[in-house]
Amino acid sequence: MNCLPAFEFSYARTATGIHLPAPLSLPATGLIWLTGASGAGKSTLLNLIKGLHPEFIHGTLSGGNPAIAPDALYLSQNPHTQIVHERVGEEFFFSLEHRQDSPSEMHTHLKLLAQFGLADFEMMPTAKLSHGQAQRLLLASMLATDPKVLLLDEPTAFLDPQMRADFYRTLHTLKQNACVILIDHHREAVPLVDICWYINERGVIRELPVAQYLDLTSTELEHERAHPQSFTLPDAPSKITLNLSNLVIGYDKKNPLFSIAHATLQSGECAVLCGDNGSGKSTLLNTLAGLLKPLSGEIDLTASGLSVKPRVQMMYVFQHPDSHFFFDTVAEELTQLGVTDVPATLTQFGLDHCAKRSPHQLSEGQKRRLTLLFPILLKKSLIILDEPTFGQDALNAERITRLIQSFKSAGYALIVITHDPVLHQAIADQTWRIRHQHLEVIEAVVT
């Protein structure tokens, strides 16, 4: 049994960091649930355990050395940054080749690709994988090596519900023979938990009984709902109508992903786009944003009272927030967009004390909340969001849900990809479901 020693770590240029006042045991087997608010330092702790300081994370470390598992396998929040090969099969076999397994030994592990829904993907370019498919590929390749310590940072965030349930069943078996440290905001993971490590808002790490942590978060949510944070948004700059007619989506006319007979979206409405991993959700958003051309059909966007092209009224908030950042600090990002009261703006979005930090050093959850500011500041009327509650604890997911509802009330139109059923139910006026290579439009039932 390893021991995580007491230590203190603070990031360069900021006063933020994490602190373990007393050692924690790391068992040989079982599942440790690493919890805490978005931005508390959960990913930082995994990075330190893996031994990525000081080469890859910069800051001051004092006390003991938390790099107790440098050989652990680590799945980060952005799986595409960990893929190194051009094709799925090459990526899957890479770790086994590195271990010098024989070809016959390697092929016995192919069942893992099938288990993660990638049985026929060996020759597929990894660049064409969806985020969920990339997560599944990396998970399969890691499990093939029989890891003894596994560090998983939001491994189910981009998985559809069925794949998420399948993964939890795999995790139940895996933890019998390995130590798994898991960051996951889905409550379905709770029955698997053996130990709970909690990082509070001051960055202090301690072990908590699971029931105590659940009571703590329930109390926070009850307080938030009793005293909800309000969002004051300007009205949408224009009224828009989006019409999609006889649209065919994909990369190859001979093998399209899916088709759309007709779909319409108006100002003040939200369409939730859902479907299995790899069905084409992000491809549709890329097409609507003009990053890809449709294989055929019409995209008609009209906006009232504008002298510019209607597409200028659209903003796509990407799956990877870093694509939106251009400046050295969060404060610079906002002032360049015309924000005069940076502290008040950051407080409203739960980003207190982040003004002087590099936006690239924020947690994934913090990055997503920051990018939700951009459509308002850039005065867009049609907002496209790809997994807006990814990396959010329950409290911040609740706030993002209310923010999206405020967008609707202010006359913005939204298209949202999400695997979060609570968010889906709270915001959807329409559900656009990709199924059997067609887009079904389902109107919400008004109660």
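The values are calculated or read from the model by the stated rules, or taken from the named source; none is laboratory data. Keep in mind the model is a prediction, meaning the values are calculated, not measured. Cβ atoms come from the backbone with ideal geometry, glycine included; neighbour counts cover every protein chain shown.
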Discussion item. Quick check on my filter: what residues within segment 92-113 are out of contact with any helix residue (DSSP H, G or I) (no Cβ under 6 Å at 6 or more places or on another chain), under 13 Å from residue 137 (Cα atoms) and in a helix (DSSP H, G or I)?
Written reply: 94, 111
Worksheet item: Which one of 40, 22 is part of a loop (DSSP other than H, G, I, E, B) and modelled with pLDDT under 95?
Response: 40
Discussion item. Pairs needed: first member in segment 13-30, touching a residue at least 24 places away in the same chain (Cβ under 8 Å) and under 11 Å from residue 203 (Cβ atoms); second member anywhere, among the polar types (S, T, N, Q) and surrounded by fewer than 18 Cβ atoms within 10 Å (Cβ to Cβ); C-beta distance under 6 Å; at least 6 residues apart or different chains.
Written reply: 17/10
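Conditions tested, residue by residue: (1) surrounded by fewer than 21 Cβ atoms within 10 Å (Cβ to Cβ); (2) not hydroxyl-bearing (Ser, Thr, Tyr).
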| residue | (1), (2) |
| --- | --- |
| 24 | yes, yes |
| 28 | yes, yes |
| 41 | no, yes |
| 44 | no, no |
| 55 | yes, yes |
| 64 | yes, yes |
| 67 | yes, yes |
Discussion item. Pairs please, first residue from segment 393-412 and touching a residue at least 40 places away in the same chain (Cβ under 8 Å) and under 18 Å from residue 235 (Cα atoms), second anywhere and part of a loop (DSSP other than H, G, I, E, B) and acidic (Asp, Glu), Cβ atoms under 9 Å, 6+ apart in sequence or on different chains.
Written reply: 408/269; 408/429; 410/235; 411/235; 412/235
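Any residue in segment 337-351 that is in contact with a strand residue (DSSP E or B) (Cβ under 6 Å, 6 or more places away or on another chain), surrounded by 21 or more Cβ atoms within 10 Å (Cβ to Cβ) and not in a helix (DSSP H, G or I)?
Step one: list which residues in segment 337-351 are in contact with a strand residue (DSSP E or B) (Cβ under 6 Å, 6 or more places away or on another chain), which gives none.
No, there is no match, as no residue in segment 337-351 is in contact with a strand residue (DSSP E or B) (Cβ under 6 Å, 6 or more places away or on another chain), surrounded by 21 or more Cβ atoms within 10 Å (Cβ to Cβ) and not in a helix (DSSP H, G or I).
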Discussion item. Tell me whether segment 352-373 contains one or more residues that are over 30 Å from residue 279 (Cα atoms) and free of Cβ contacts under 8 Å to residues at least 24 places away in the same chain.
Written reply: yes
Worksheet item: Hey, among 301, 291, which residue is of a type in the set (A, V, I, L, M, F, W, C), out of contact with any Gly (no Cβ under 7 Å at 6 or more places or on another chain) and loosely packed, with under 13 Cβ neighbours inside 10 Å?
Response: 291
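Evaluate the following for residue 130: is it surrounded by 12 or more Cβ atoms within 10 Å (Cβ to Cβ), more than 30 Å from residue 4 (Cα to Cα), of a type in the set (Ser, Thr, Tyr) and touching a residue at least 12 places away in the same chain (Cβ under 8 Å)?
Values: surrounded by 12 or more Cβ atoms within 10 Å (Cβ to Cβ): yes; more than 30 Å from residue 4 (Cα to Cα): yes; of a type in the set (Ser, Thr, Tyr): yes; touching a residue at least 12 places away in the same chain (Cβ under 8 Å): yes.
Answer is yes for this residue.
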Discussion item. Conditions first: (1) over 29 Å from residue 399 (Cβ atoms); (2) surrounded by 13 or more Cβ atoms within 10 Å (Cβ to Cβ). Residue 331 passes all but one, so which condition is the exception?
Written reply: (1)
Practice prompt. Tell me which of these residue 140 doesn't satisfy, since it passes every other one: (1) within 18 Å of the chain's Cα centre (by Cα); (2) part of a helix (DSSP H, G or I); (3) surrounded by 22 or more Cβ atoms within 10 Å (Cβ to Cβ).
Written response: (1)
Item to complete: With respect to residue 342, determine if the residue is modelled with pLDDT of 90 or more, closer than 29 Å to residue 265 by Cα, touching a Ser or Thr at 6+ places or on another chain (Cβ under 7 Å) and of a type in the set (A, V, I, L, M, F, W, C).
Response: no
Practice prompt. Might you let me know whether segment 120-127 holds any residue that is within 17 Å of residue 90 (Cα to Cα), part of a helix (DSSP H, G or I) and not small (Gly, Ala, Ser)?
Written response: yes
Fill in: Residue tally, condition assigned to a loop (DSSP other than H, G, I, E, B) and touching a residue at least 40 places away in the same chain (Cβ under 8 Å), over segment 58-76
9
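Taking the stated definitions as given, is residue 190 surrounded by 15 or more Cβ atoms within 10 Å (Cβ to Cβ) and either more than 17 Å from residue 81 (Cα to Cα) or out of contact with any helix residue (DSSP H, G or I) (no Cβ under 6 Å at 6 or more places or on another chain) (or both)?
Numbers: surrounded by 15 or more Cβ atoms within 10 Å (Cβ to Cβ): no; either more than 17 Å from residue 81 (Cα to Cα) or out of contact with any helix residue (DSSP H, G or I) (no Cβ under 6 Å at 6 or more places or on another chain) (or both): yes.
When the stated conditions are applied, residue 190 does not pass them.
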Item to complete: For segment 422-434, state whether one or more residues are in a loop (DSSP other than H, G, I, E, B) and crowded, with 19+ Cβ neighbours inside 10 Å.
Response: yes
Item to complete: Just name the residue that is farthest from residue 35 (Cα to Cα) out of those in segment 217-261 that are surrounded by fewer than 16 Cβ atoms within 10 Å (Cβ to Cβ), among the small types (Gly, Ala, Ser) and within 28 Å of the chain's Cα centre (by Cα).
Response: 230
